[in-house]
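Peer 1: Once you've had a glance at the structure underneath, I'll fire off some questions.
Please treat every number below as a calculation from the coordinates, not as lab data. What you see is a predicted model; the values in this text were computed from it and never measured. Here the Cβ is made from the backbone with ideal geometry for all residues, glycine too, and neighbour counts use every protein chain on show.
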Amino acid sequence: MPDDGMARARSAARARLDALWRRGTDFLGTEVAIMGGAMSWVSERHLVSAISNAGGFGVIACGAMTPALLEAEIAATQALTTKPFGVNLITMHPQLDELIRVTLAAGVGHVVLAGGIPPGPAVRAVKERAKLVCFAPALVLARRLVRSGADAIVIEGSEAGGHIGPVSLTVLAQEILPHLKEVPVFVAGGLGRGEAILSYLEMGAAGAQLGTRFAASTESIAHPNFKQAFVRAAARDAVPSVQLDARFPVIPVRGLVNAGTKQFLEHQAETIRRFQAGETTREEAQLSIEHFWAGALRRAVIDGDIEMGSVMAGQSVGMVGEVQPVAAIIAELVDQALAALMSRQAA
Ligand SMILES: Cc1cc2nc3c(=O)[nH]c(=O)nc-3n(C[C@H](O)[C@H](O)[C@H](O)COP(=O)(O)O)c2cc1C
């Protein structure tokens, strides 16, 4: 194609992409409807501002931060970007109300409430000053969240990194996208390329949320060992945590197989043996299993201990080819979506 023909085809494809994700960009106030999913320890001022400055939507992961720490993180992020970004709060945080208060007082326009159905007072408090985003693991719950005030929904498939549900994005998208039209729906889990994002937009999604690819970006503060583990890993290395005994539930978390995941199996087996031998109570055994991973994400992300730490990663880790600046990742995703649209126009 001559150069001007190519430029015309690209601008037509860009107009189509912009139309497809307009509901998402309008909702977020961004150039592209790509959210950087909140990642504990990783999604702090540098990564969040880099994503927002590159035209996407960064989200601070509050995790276990105190209200004072969150307030400082928001202020530091605002010093690095004038673009919109959000804050992800976990509903079981004991100071949820205070966290919401400092977030709204700082003028943050979008609050993501994660970790279960948000309590009514939290929903009402957020909606006084900001837009509320919630995670829905099934259509009935998505409808319930919308009725109780969610302004947008994220559907996150089990391909994702971190805490996961049991259903893949392929299935969740078919279950939810054709039926939930009241609010914008963002898709997450296993996304690493623009063609896939495009296909979900065509199914009715308003945008996409990615975590793993951004965790391995240049601006991410994750330890170089953590990023290199992502570069080396294949999709099949990112596996869910394994539960040995139904009496002792294990929270499903997807991460890279390492010495820690192997030791976790031995720890469960030994704990179950001690319980069966009457050497420990059921409660103590459950706590011991839960405590195995305490502080393990920080160990991997910050200290770089990728053998005994928790290297949370999605199956999309197989699409991390190198450590790249956030702007290059977003440009690549957009280019892939545009190339897919252009090849259809040419056909
Ligand atoms: C290292 C890591 C930590 C994460 N921590 C959180 C978290 O604290 N809160 C949350 O809601 N989601 C968390 N997630 C999920 C991401 O926000 C995002 O939805 C997910 O990574 C999307 O799937 P992908 O990894 O395949 O891109 C985490 C993911 C990763 C990889």
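Peer 1: Between the helical axis of 259-276 and the dominant principal axis of the chain, each derived from Cα atoms, what acute angle in degrees is found, rounded to the nearest 10?
Peer 2: Value to nearest ten degrees: 40.
Peer 1: Sorted by average packing, counted as other Cβ atoms within 10 angstrom per residue and highest first, what order do 151-158, 233-240 take?
Peer 2: Taking the mean over residues of other Cβ atoms within 10 Å, the ranking is 151-158, 233-240.
Peer 1: Show me the GluC sites (Glu not before Pro) within the range 224-282 that DSSP assigns to loop and that have at most 14 other Cβ atoms within 10 Å of their Cβ.
Peer 2: Qualifying residues, ordered by number: GLU279.
Peer 1: May I pose another question? Given the Cα atoms of the range 204-347, and with Rh set as the inverse mean 1/r over their pairs in the Kirkwood sense, what is Rg to Rh to two decimals?
Peer 2: A ratio of 1.13.
Peer 1: Ok, one more. Can you give the Kirkwood hydrodynamic radius of the chain from its Cα pairs, in Å with one decimal?
Peer 2: 20.8
Peer 1: Could you tell me what fraction of 2.2 N^0.38 Å the Cα radius of gyration of the range 31-105 comes to, as a two-decimal ratio?
Peer 2: The reported ratio for this selection is 1.02.
Peer 1: Taking the range 96-155, how much of its Cα-Cα pair set, in percent, is spaced more than 19 angstrom apart?
Peer 2: 22
Peer 1: Follow-up. Would you grab the residues whose amide H sits under 5 Å from the one on ILE60? Only those 5+ places off in sequence or on another chain, please, with H modelled 1.01 Å from N.
Peer 2: Long-range HN contacts for ILE60: GLY86, VAL87, ASN88.
Peer 1: Apply the Debye scattering formula to the range 234-312, with a single equal point scatterer on each alpha-carbon and no solvent, then give log10 I(q)/I(0) at q = 0.18, 0.22, 0.24 Å⁻¹.
Peer 2: Listed by q, the Debye log ratios stand at -0.72, -0.98, -1.10.
Peer 1: Taking only pairs that are 8 or more places apart or on different chains, how many Lys pairs in the chain have Cα atoms under 24 angstrom apart?
Peer 2: 5
Peer 1: Over the chain, with a Gaussian network built from C-alpha contacts below 10 Å, which listed residue (THR82, THR281, THR170) shows the highest mean-square fluctuation?
Peer 2: THR281
Peer 1: Estimate the FRET efficiency between ARG129 and ALA277 by the formula 1/(1 + (r/R0)^6), using the beta-carbon distance for r and 51 Å for R0, to the nearest 0.05.
Peer 2: The calculated FRET efficiency here is 0.40.
Peer 1: Right, next: Assuming 0.36 nm per residue, please report the length gained on full extension of the stretch GLN228 to SER199 beyond their Cα-Cα distance.
Peer 2: Net length gain for the segment: 7.5 nm.
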